[in-house]
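Peer 1: The structure that follows is given in the form of structure tokens.
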Amino acid sequence: MRRRSSWTLIAAFLLLVARPAGFAQDAAPARSPRNASYQLLATLDPESHTIHGSGRVIWRNITTVPANDLRFHLYWNAWRDANSSWMREQRLGRSSALTRRPADQSGSIEIISMVARGTDLRPKATFVAPDDGNADDRTVLSVPLDRPVLPGETIDIDIAWTSRVPVTFARTGRLGQYYFIAQWFPKLGVFQNNGEWNAHQFHAATEFFSDFGTYDVALTVPKGWTVGATGVASPVLPGAEGQDTHRFVADDVHDFAWTTSPNFVEHVERFEHPGLPPVTMRLLLQREHAKQAERHFVATRAALRYYGEWFGPYPYSHITIVDPVTPVNPDEQGGSTGGMEYPMLFTAGTRNWAPLDGSQPESVTIHEAGHQFWYGIVATNEFEHAWMDEGLNTYATARVIDEALPNKFVTVERYFGGFVPWAFTDVRWSRAIDGNRLNAYRPVATYDTQSTPTWRYWPGSASQISYNKTALWLATLERYLGWETMQRVLATHFSRGAFRHPTPEEFFAIASEVAGADLTWFFDATVRSSAAFDYAVTQVTNTPAADGFESVVVVRRLQDGVFPLTIKRTYADGTTDMTAWDGQNRWEAIVDHGPSPIVRVEVDPNRILMLDLNYTNNSWTATPQAPAAARRWSLRWMGWLQEVMLTYAFFS
Amino acid sequence: MKTTSEVVSAKPGPETTSEVVFTPRATALGAFLEGWRRALAAPAITLGVLAALFLMALPLGLALRGMLVEHLGPSVVAERAAWGWEAGWAAEFAAQAQGLGRTFTHEILGFGGTLSIIGGFFDAKPLPPVVAGAAAAYAVLWIFLSGGILDRFARARPVRTAAFFASCGVFFWRFLRLGVMVGAAYWALFAWLHPFLFGTLWNSWTAGMTTEREAMAVRAGLYLVFALALALVSLIADYAKVRAVVEDRRSMISALGASMRFLRRRPFRVFGLYLLSALASIVVVRVWFTAAPSAWASVPVAFLLTQVYLLFRVWAKLAWMAGEVVFFQGELAHATYTAAPLQMWPDSPAAEAIENLVSRTR
């Protein structure tokens, strides 16, 4: 204890001496309000899997109302026992394997001291459960103040805590000597103008929300271990008794995550592109993935370039890519820490055998790098509107992959315990379907209204609604408005929302403003509704008439979702006709008179409506090819079945 | 077939109480080659098995075809699906499909399909009920055919259809009884050994493991152990069948005992033959790895390639069985160890077995 205290003093001194060399952002004006800043010292003890932390939280009330209390997130208490709301929700709609983990794999966070204005705040602090009233949930700490923090006033809170690092839960934790440490310190909620804290409990289906600030963090780990973190690193300070202290500083970020391991292989490259600021890219790679370094850089470059060109430049000078340890036995070791975003740092994720024409690690790397924009810079409230980050990013990821790495990706499945990949080279990645994940959305299309706060989504389908439905309606909007307009919508949203917490209504308003048309109907149909979409051609008749043929086409709306469409008819003489339909009525009949019969009908021929769950029934042709297609694929399937029978009967 | 007499066994018999008898010793390679020769010499059996396989898959194939036609309807999408794999449509179809239709995914395509089948088997992934039913039905058919096939290979000469099916009938109920016992052993392997290997041991050995390469090595080792266990049971079952046919055994318990005694006395050669046969099957699969048709291959080409691959798989299995018959006969067959007499004049099965033995030792 004494030893730790002395190191804490030394580290505190170092923090005060100077900011890291090359920390160019120092002189730059603040981009964000910087109203929630943290100066932290932390020491990792790998023997006990414990982090001893201390430091100062500096919070300024930027609202117009006084704050009578403070609210801190203690996220790791979600894994203290099986009674937290996170655990209950995990059991409810997701895999329950994580809820059965032994006690020695659990995580927790405990406040040792909390002092502000010379007063010990701990005695009055209580755990609250604002979302579900769960008395066993200890993820939100309410700390009453003797005197309110007035608008514009700043309060410093000196704090010390201990965190127990769990075996991986929710992309945080340890595996062997690999540590990924996120949501690890007492973090303030967001105080709002209504006088209330926006500090939700830790839920299974949502991520995080916090204010911007400056982070200055000293991390002490065993000597020789590599550390990656949010921010820019200063030179490592050797410590006594086998420890090193690493210091990272970041301005205008709203979170801080870090990783450490003695086994990382470090690569550094630089992103440079005309019109965009340069970025130092630091890759911390697992040894067994050594050959995939360039794939990570290619993907990160693609994200920085296209997100930068389309939406706005990446404003930080550094980005760190962490290649996490792959859990070789996910049931026992928990999920991966891979595929998660934090400011200026993200975890990618790959496997030992990653086919060159497969999508990993590129897709996950582009996606997580893309979060720097929609989560890191435009800091939306992911507890309540996760779609504003995840959905926008899923849509943008698909677009970047399509642009930067076209015609490359094929479907890859993994066999023999997940270790042996096989690339189905005939099944190519499709931006429209796979990129926006129509197939994952389809079975849960009506499960939740998207405007429902995300933490209230059914945990088992939350991601499909947040990620996939959003990506699909954004793709629909792109096809409806055109890419140029869509790009301006997102760029405007980015520029106005940067370093703020924009709301959905702001996004909707920007979309209408940029499109030059009121798009309320669109967001009513998609975001504010759980309706599904399915249009179909149900009847086509050609009757000989005096002037040639009378052709009748009947199209139907089979689900509740409404969207304007076009109906294309092709006649035997090769001519075509298009009719716009508002899609409102349950059915519409179109009667044509002409010299030729109709030979082909297509509803939404250009597939504008990506949310249409069954596109096959959108068309009709006078010369059906279904028998030929069915013959082809049923014979192929029979060959597969014969092989199944032969294989399983081998032992009979 | 190797015919040297370096192994000498003293077999006290009623007439030769103290006489030393030199018996020829079968070799794994010799039995393997002779097995292939006998399998190749029985094309009707190979084609028959393949035809049976096809005919058993046909009703389900027709049912699936009906589902596909119904879902595609008169759509424009069908035009693309008739040409090549239409991933979007296939997923759409799978989303609304029930039962059989749910198995129609891109995992039926080419060598990926083979990998998924074998991987699923070794990972004990349950088959969809309809497919499991089809596999079970084929297994029963195979049990029925096994008696006739082994008898045919034991005789090493063509038999008539009636004789073939007579043998099938004779041994069907015996093999069914045997199947219950062997099935119980397989069930134990999947119900107990598999969870122990890939649950208890796997979890324990990989709990702190952080590199995939090490984990893959562990898993490969566990697959090897499981495969060996499967091989052991199948070896015992195989030679029980061989002994049942060649020695006309009625008791399947005694056949199993006889099989185990047989294996115990010559484990290396028996296992060597098993490995050679397995290797032949692996070679067939390896060729398929290269030759499997793409999704865009024409219907006749894809169908032909698939059936040729399945033909070789069937052939390899038949040669495997024939090799075991040959090996057994090479070790133990003589006038008192032979196949059941066929109701055909003038052949005497005993004479036939002796003739076979003589021809091999010439």
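Just so you know, all these numbers are worked out from the coordinates, no wet-lab data involved. Fair warning: this is a prediction, and the values are worked out from it, not measured in the lab. So basically every Cβ, Gly included, is an ideal-geometry build from the backbone, and we count neighbours across all protein chains shown.
Peer 1: Nearest 500 deg cm²/dmol is fine: what mean residue ellipticity at 222 nm does chain A get from its DSSP H runs of n ≥ 4 alone, each adding -39,500 (n - 2.57), divided by its residue count?
Peer 2: Here the helix-only value at 222 nm equals -7000 deg cm²/dmol.
Peer 1: Per DSSP H run of n ≥ 4, the term is -39500 (n - 2.57); total these for chain B, divide by its residue number, and report the mean residue ellipticity at 222 nm rounded to 500 deg cm²/dmol.
Peer 2: -24000 deg cm²/dmol
Peer 1: How do the peptides A:517-524, A:266-273 rank, highest first, by the average count of neighbouring beta carbon atoms within 10 Å per residue?
Peer 2: Averaged packing, sorted descending, gives the order A:517-524, A:266-273.
Peer 1: Using mean Cβ contacts within 10 Å as the protection proxy, how do A:369-379, A:422-432 order, highest first?
Peer 2: In decreasing order of mean packing, A:369-379, A:422-432 become A:369-379, A:422-432.
Peer 1: Compute the signed sum of charges (Lys and Arg +1, Asp and Glu -1) over the other residues within less than 14 Å, Cβ to Cβ, of A:VAL143.
Peer 2: +2
Peer 1: Something else now. Give me the aspartates and glutamates in straight-line cross-link reach of B:LYS241: C-alpha distance below 17 Å, same-chain residues under 8 apart excluded.
Peer 2: B:ASP151, B:GLU324, B:GLU331
Peer 1: Restricting to Cα pairs below 8 Å that are 6+ residues apart, what does the relative contact order work out to for chain B? Please round to a whole percent.
Peer 2: 26 percent
Peer 1: Can you compute the charge dipole magnitude of the protein assembly as shown about its Cα centre, using +1 on each Lys and Arg Cβ and -1 on each Asp and Glu Cβ, nothing else charged? Give it in debye, rounded to the nearest 20.
Peer 2: In total the dipole reaches around 3880 debye.
Peer 1: Restricting things to alpha carbons, find the Rg to Rh ratio for the range A:507-644 using the Kirkwood radius for Rh.
Peer 2: Taking Rh as the inverse mean 1/r over Cα pairs, Rg/Rh reads 1.10.
Peer 1: I would also like to ask the following. Taking the Cα centre of each part, how many Å lie between the range A:221-285 and the range A:522-562?
Peer 2: Value for the Cα centre distance between the two parts: 57 Å.
Peer 1: Okay, next question. Going highest first, how would you order B:84-91, A:631-638, A:111-118 by mean Cβ packing within 10 Å?
Peer 2: By packing density, highest mean first, the sequence is A:631-638, B:84-91, A:111-118.
Peer 1: Could you compute the net charge surrounding A:LEU611? Neighbours are other residues with a C-beta less than 10 Å from the C-beta of A:LEU611; K and R count +1, D and E count -1.
Peer 2: Its environment carries a net charge of 0.
Peer 1: Still on this structure: Could you please rank A:TRP59, A:TRP310, placing first whichever residue has the fewest other Cβ atoms within 10 Å of its Cβ?
Peer 2: So the ranking, lowest neighbour count to highest, is A:TRP310, A:TRP59.
Peer 1: Two decimals is fine: what is log10 I(q)/I(0) at q = 0.22 Å⁻¹ for the range A:365-469, from a Debye sum with one equal scatterer on every Cα and no solvent?
Peer 2: Log10 of I(q)/I(0), two decimals: -1.16.
Peer 1: Next up: How high is the relative contact order of chain A, in percent, counting Cα pairs under 8 Å that sit 6 or more residues apart?
Peer 2: 10 percent
Peer 1: Still on this structure, please answer the following. Work out the mean other chain Cβ neighbour count within 10 Å for the residues of B:295-302 and drop it here as an integer.
Peer 2: Counting Cβ atoms of other protein chains within 10 Å of each residue's Cβ and averaging gives 3.
Peer 1: Per the Kirkwood formula on distinct C-alpha pairs, the Rh of the protein assembly as shown is how many angstrom?
Peer 2: Averaging 1/r across every pair of different Cα atoms and inverting gives 32.9 Å.
Peer 1: Additional query: Given the C-alpha atoms of the range A:130-177, compute the convex hull and give its volume per residue in Å³.
Peer 2: Cα-based convex hull of the range A:130-177, divided per residue, equals 191 Å³.
Peer 1: Ok, one more. By DSSP, what percent of the beta bridges with both residues in the protein assembly as shown are antiparallel, rounded to the nearest 5?
Peer 2: Bridges in the protein assembly as shown that DSSP calls antiparallel: roughly 90 percent.
Peer 1: Here is a further query. In whole angstrom, how far apart do the alpha carbon centroids of the range A:383-444 and the range A:134-184 sit?
Peer 2: Answer, in whole Å: 34.
Peer 1: In angstroms, what radius of gyration and Dmax does chain B have, counting Cα atoms only?
Peer 2: Reported Rg and Dmax, both Å: 23.6, 86.
Peer 1: How big is D for the range B:158-215, in µm² s⁻¹ as a whole number, if Stokes-Einstein is applied with the Kirkwood radius of its Cα pairs at 4 °C and 1.567 mPa s?
Peer 2: Taking Rh from Cα pairs, D becomes 86 µm²/s.
Peer 1: Going from the alpha-carbon gyration tensor of the range A:203-342, what semi-axes, largest first and in whole Å, does one get by taking the root of 5 times each eigenvalue?
Peer 2: 24, 20, 18
Peer 1: Just tell me which aspartates and glutamates come within less than 18 Å, Cα to Cα, of A:LYS223; anything on the same chain fewer than 8 places away is out.
Peer 2: A:ASP45, A:GLU47, A:GLU241, A:ASP244, A:GLU266
Peer 1: Residues of B:97-110, mean number of Cβ from any other protein chain within 10 Å of their own Cβ, rounded to a whole number?
Peer 2: Mean partner shielding for this stretch: 4.
Peer 1: In addition: Rg and Dmax of the range B:76-178, using alpha carbons, in Å: what are they?
Peer 2: Taking only Cα atoms of the range B:76-178, I get Rg and Dmax of 20.0, 58 Å.
Peer 1: Between the range B:30-66 and the range B:265-295, how many Å separate their Cα centres?
Peer 2: So the separation of the two Cα centres works out to 17 Å.
Peer 1: Give me the inter-chain shielding for A:607-619: mean count of other chain Cβ atoms within 10 Å, whole number please.
Peer 2: Average per residue, whole number: 4.
Peer 1: Report, ordered by chain and residue number, the lysines lying within cross-link reach of A:LYS408, taken as a straight Cα distance under 27 Å and ignoring same-chain residues fewer than 8 apart.
Peer 2: A:LYS291, A:LYS469
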